[in-house]
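Report on one structure; see the data block that follows.
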């Protein structure tokens, strides 16, 4: 299949660091990240972990919130991400970058006062094991703030709702490893020994197809849905044509979950 309007849809996959950087800079990214930062309750002198820190888009704000005297530890398993984070955090000497896996964090027991993870648990092999690691590295009374989507909540308006449902089903069944992680976080955190005092739903609404496409990658994801048999080539063509040329609406819910050790 080919895109009905190459000026609307991206056809190539952006580099991971570039994608995460532009998500952080988008209205959608700024809104939920601000809620996560507020929920952490940071103050001067605290030690905070950003697990799965990626290219470090959130590290400067964390560093400013714990200054003076605080420490920020950014952990990522991808050295390329840490390399991208290094210049972004160069002006903040309190930031440490460490390579490591969220299933086996490179920190001692009870090493930090706060921890955050942002859209990472949807991809990991074992979310329960990752939560156990957070509980291990947090000090008693420490706080973990997680932000994760629930991909079943993705709703895209179309005159033929079955096409939208097929698109979302492809994402939940074939694209995202843990697509329902947003709704599962409170239970998984409780099982890991946390108390969960607050769950904050953040429903993201998109009215501009180009802005939404920069997050969802409609054309290339639809191409994969066709290859996987969720949509026919004809269905994909009319699906994308409507998104490109008619009034656009989509929404999805991300959950910010606060957990206390």
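The values are calculated or read from the model by the stated rules, or taken from the named source; none is laboratory data. The shown structure was predicted, so the numbers you read here are calculated from the model rather than taken from an experiment. Neighbour counts run over all protein chains shown; Cβ positions are idealised from the backbone, glycine included.
Looking across the range 115-145, the residues that are assigned to a loop (DSSP other than H, G, I, E, B) and within 15 Å of the chain's Cα centre (by Cα) come down to 119, 120, 121, 122, 123, 124. Scanning the range 100-114 for residues that are surrounded by 19 or more Cβ atoms within 10 Å (Cβ to Cβ) and not in a loop (DSSP other than H, G, I, E, B) returns 112, 113, 114. Looking at 223, 183, 177, just one residue is outside any helix (DSSP H, G or I) and either buried (at least 16 other Cβ atoms within 10 Å of the Cβ) or within 17 Å of the chain's Cα centre (by Cα) (or both), and that residue is 177. Pairing each residue of the range 35-47 that is free of Cβ contacts under 8 Å to residues at least 40 places away in the same chain and on the phi > 0 side of the Ramachandran plot with any residue that is surrounded by fewer than 13 Cβ atoms within 10 Å (Cβ to Cβ) and outside any helix (DSSP H, G or I), provided the two are 6+ apart or on different chains, yields C-beta distances under 9 Å for 45/68; 45/69.
The single condition among (1) at pLDDT 95 or above; (2) farther than 25 Å from residue 129 by Cα that residue 59 does not meet is (2).
Residue-level check: of (1) closer than 26 Å to residue 28 by Cα; (2) free of Cβ contacts under 8 Å to residues at least 40 places away in the same chain; (3) surrounded by 17 or more Cβ atoms within 10 Å (Cβ to Cβ); (4) more than 16 Å from the chain's Cα centre (by Cα), residue 163 misses just (2).
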